[in-house]
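Undergrad: Take a look at this one; I'll ask things after.
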Amino acid sequence: MTEPLLPDPPPLRCRRCRHPVTRGRLYDGYGEACARHLGLLPPYIPRPRSEQPDGPTLLDLLDAPDDRTDDGGEE
């Protein structure tokens, strides 16, 4: 097994709680939870989800067999 050429850089840490944060998720040096607590980010608002349809969906209608005959004419 070969060793990597460069060691992994140290993880980024939140300035307030010092927990490791994934790259690109720092907000002015704070993690997402701390940034929300300090008011740097708006509070988390859950997204509304649509309910499942009762009848067939458009994809179900695409899979339905055609009502046309082989010659392209009416039955």
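The values are calculated or read from the model by the stated rules, or taken from the named source; none is laboratory data. As the structure is a prediction and not an experimental result, all values here were calculated from the model. Note: ideal-geometry Cβ built from the backbone for every residue, glycine included; neighbour counts use all protein chains shown. In case anyone asks, the SASA skips ligands and DNA or RNA and just uses the protein heavy atoms, side chains included. Shrake-Rupley method; radii C 1.70, N 1.55, O 1.52, S 1.80 Å.
Undergrad: Assess whether residue 43 counts as being out of contact with any Lys or Arg (no Cβ under 7 Å at 6 or more places or on another chain) and modelled with pLDDT under 90.
TA: no
Undergrad: A further question follows. Select from region 17-34 the residues that are of a type in the set (D, E, K, R) and either at pLDDT 85 or above or surrounded by 12 or more Cβ atoms within 10 Å (Cβ to Cβ) (or both) and list them in ascending order.
TA: If the condition is that a residue be of a type in the set (D, E, K, R) and either at pLDDT 85 or above or surrounded by 12 or more Cβ atoms within 10 Å (Cβ to Cβ) (or both), then 18, 25, 28, 32 are the ones that fit.
Undergrad: Of the numbered conditions (1) under 30 Å from residue 8 (Cβ atoms); (2) open to solvent by 80 Å² or more (accessible area, probe 1.4 Å); (3) modelled with pLDDT of 80 or more; (4) part of a loop (DSSP other than H, G, I, E, B), residue 37 satisfies every one except a single condition; which is it?
TA: (4)
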